Amino acid sequence: MPTVSSEELAAAAGVNSAKLRKDFSYLGSYGTRGVGYDVEYLVYQISRELGLTQDWPVVIVGIGNLGAALANYGGFASRGFRVAALIDADPAMAGKPVAGMPVQHTDDLESIIEENGVSIGVIATPAGAAQQVCDRLVAAGVTSILNFAPTVLSVPDGVDVRKVDLSIELQILAFHEQRKAGEEAAGEPGTVLQAPKETGKGPDGDVPAVMPA
């Protein structure tokens, strides 16, 4: 039976092994001294804690280039997420197969959510349409939204929103590149630029806003 030690896991994750063992203890998994952790059981425990031992039906709204790419992403199924429907406002898209599924029109959004028991929605629409789509998803019973649209969504209490902003991720990488260039020019790491200060949560409530020190 494959096992893995806390030291091996800590080295792979770049964390302290003692802290890793303490964190795992909250899952009810203490491992066996001198043996380590049963890999299969550990994966199950972590998956259970993350809510990934059940099937989560997901709808993707907005089947443009990004929406189609998300629909074709093979990682969802392996993590417990099933794309239940692809939805778009363009009548010309209705019935068109994407990733082996026919695209459905937004007119049917509410019935699609109800029929599939969907609680997670993915928004990949243009910015101007995102809030209206979000409102309809929430009204239909969706309580978690992954937002790829370049806009901040307003949602009621009890609804979770995660915003994926690729431009912010690129800005973060650009900052690190600038810092590395400065360190090389100075010949002394860490003396030219300081890390950005966190100014609290971003306007979407989950992405920290950063600004130069």
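The values are calculated or read from the model by the stated rules, or taken from the named source; none is laboratory data. Fair warning: this is a prediction, and the values are worked out from it, not measured in the lab. Methodologically, a virtual Cβ is constructed for each residue, glycine included, from the backbone with ideal geometry; neighbour enumeration extends over all protein chains shown.
Points to keep in mind about this one:
- Count - residues of segment 154-194 that are more than 29 Å from Thr143 (Cβ to Cβ), surrounded by 12 or more Cβ atoms within 10 Å (Cβ to Cβ) and either assigned by TED's automatic domain parsing to the domain that holds Thr125 or at pLDDT below 50 (or both): 2
- Selection over segment 80-127 of residues that are in contact with a strand residue (DSSP E or B) (Cβ under 8 Å, 6 or more places away or on another chain), at positive phi and without any contact (Cβ under 8 Å) to a residue 12 or more places away in the chain gives a count of 1.
- Strands (runs of 3 or more DSSP E) within segment 91-187 that include 2 or more residues over 18 Å from Ala71 (Cα atoms): 160-163
- Qualifying residue in segment 9-17 (condition: free of Cβ contacts under 8 Å to residues at least 12 places away in the same chain, more than 17 Å from the chain's Cα centre (by Cα) and in the same structural domain as Pro102 (by TED's automatic domain parsing)): no
- Identity of the residue in segment 1-26, touching a Phe, Trp or Tyr at 6+ places or on another chain (Cβ under 9 Å) and in a helix (DSSP H, G or I), that ends up nearest to Gln45 (Cα to Cα): Phe24
- Residue in segment 62-81 that is crowded, with 20+ Cβ neighbours inside 10 Å and assigned to a strand (DSSP E or B) present: no
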